[in-house]
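The values are calculated or read from the model by the stated rules, or taken from the named source; none is laboratory data. None of the values given here were measured: they were computed from a predicted structure. Don't worry about glycine lacking a Cβ; one is built from the backbone with ideal geometry, like all the others, and counts go over all protein chains shown. Side chains included, ligands, DNA and RNA excluded: accessible areas come from the protein's heavy atoms. Shrake-Rupley method; radii C 1.70, N 1.55, O 1.52, S 1.80 Å.
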Amino acid sequence: MNSKEISLGIIKAVAFLITAALTLLFLYKITSVILYCILSIIISLLLRPLVLFLKRKFKFKNTLAVISSLFLAFLVVSGFILLFIPLILSQGENLSLLDIDSLEKNYSLLLENIITFLDAYNINTKQLIQSSKLSSFTTFEFIPNFLNSFLSTLGNFSMGFASVLFITFFILKESDAIYLNFKKLLPENQKEKIVNSIHAINKMLSRYFLGLLLQLSIIMVLYLIVFLIFGVENALIIALLCAIFNIVPYIGPLIASVIAGLLIMISGIGTGADFATETLPTAIYVLIGMSVVQVIDNNLSSPIIFSKSTNSHPLEIFLIILIAGILFGVTGMIIAVPFYTSLKVIGKEFLPENKFIKALTKNL
């Protein structure tokens, strides 16, 4: 190998590295667009059976079936959102949101009650607040920052919602054409395997998301029972809110428990109940009940539902979610199971004789 060939090889390697770096940078910059597309594909998978039902049963034209399906989905989501209005109004009344002085007084009262209770058990709350950098939350300094963040999030959500709706519409409307054009681009020697993988992934993901909806419904009912037992106001709405957080494995239930505890304690201010003898014990009992629900879900309902929907062992699912959470955070935990299931399907189709793939996909 002469110097010219070595130089050419170095140039090609550098060009490849630069191209790869630019590609990764580009993908990073359009992360939100990629997330919109992924979410649109998921919604399309869920709505596709409804579109086909409207076309076959009621003889809807394709465009009308897609619009009707999206409209029905929008009504369902809007209905869920409207359910939270009584909760917001109730908490707003308890905290006198229209009176800033009263709001600060009630907020300070809640903090004082918590600090007094903790101090009674020799817990140094001042040191805890300083070490955890929560001092801004002991005053009203965090309110402007929270409002700014909320408005920014609301703006981003509006843009994201419109984008997802637009992409989903065209995925559903042009699904057949997209599929045919995609098939044309496939190499002939691999076309059958790729098409089989797509069909299998579509089926598995549909089962997974239906299983997820079933799991959240079971959790919501169990939470509702707990809240009704302990007389929690707006039990149905809080149960629904807490169930939604369970979309995020392991971390979601913790967030749901914190929110439920805060809502119960804030509601106690509005009723004039004693914090130490009434409000706090109720919150603790509810949190214990929610923990029992999580034990039932983690050891009974979730393993059965997801084992059936993804044909994977519960320990296998747990490890995949744990690894994805360590590597990619909350987003990784949410997409871990469907992504892993898709990889298993692809592996079985393209590497059916591999011993490792055989062991992983023996139940597919």
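Odds and ends about this structure:
- Take the Cβ atoms of Phe209 and Phe230, set R0 to 56 Å, and the FRET efficiency comes out at 0.95.
- Arg56 versus Ile244: modelled label distance in nm, points set 7 Å from Cα along the beta carbon direction: 3.2 nm
- Highest average packing first - 199-211, 25-37, Cβ atoms within 10 Å: 199-211, 25-37
- Relative contact order (%) - criterion: Cα under 8 Å, at least six apart; region: region 187-363: 27 percent
- Extension gain, Ser3 back to Phe339 (0.36 nm per residue minus Cα-Cα distance, nm): 116.4 nm
- A straight line joining the Cα centroids of region 328-358 and region 206-220 runs 20 Å.
- Farthest positive-ward along region 299-358 dipole, Cα basis, beta-carbon charges - from Ile305, Asn354, Phe328: Asn354
- Here r is the Cβ-Cβ distance between Leu185 and Ile259 and R0 is 41 Å; the resulting FRET efficiency, rounded to 0.05, is 0.30.
- Chain lengthening between Ile178 and Glu112 when straightened (0.36 nm per residue, less Cα-Cα): 17.7 nm
- The order of Met290, Met159 by accessible area, most exposed first and with a 1.4 Å probe, is Met159, Met290.
- The convex hull built on the alpha-carbon positions of region 187-363 has an orientation-averaged projected area of 11.7 nm².
- Pairs exceeding 25 Å between alpha-carbon atoms, taken from Lys12/Lys355; Lys308/Lys362; Lys173/Lys203; Lys183/Lys203; Lys29/Lys203; Lys173/Lys344: Lys12/Lys355; Lys29/Lys203; Lys173/Lys344.
- Take the Cα radius of gyration of region 163-213 and divide it by 2.2 N^0.38 Å, N being the number of residues; the result is 1.37.
- Each Lys and Arg Cβ is given +1 and each Asp and Glu Cβ -1; about its Cα centre, region 187-363 then shows a dipole of about 860 debye.
- Per residue accessible area in Å² of region 187-363, where ligands, DNA and RNA are left out and the probe is 1.4 Å: 53 Å²
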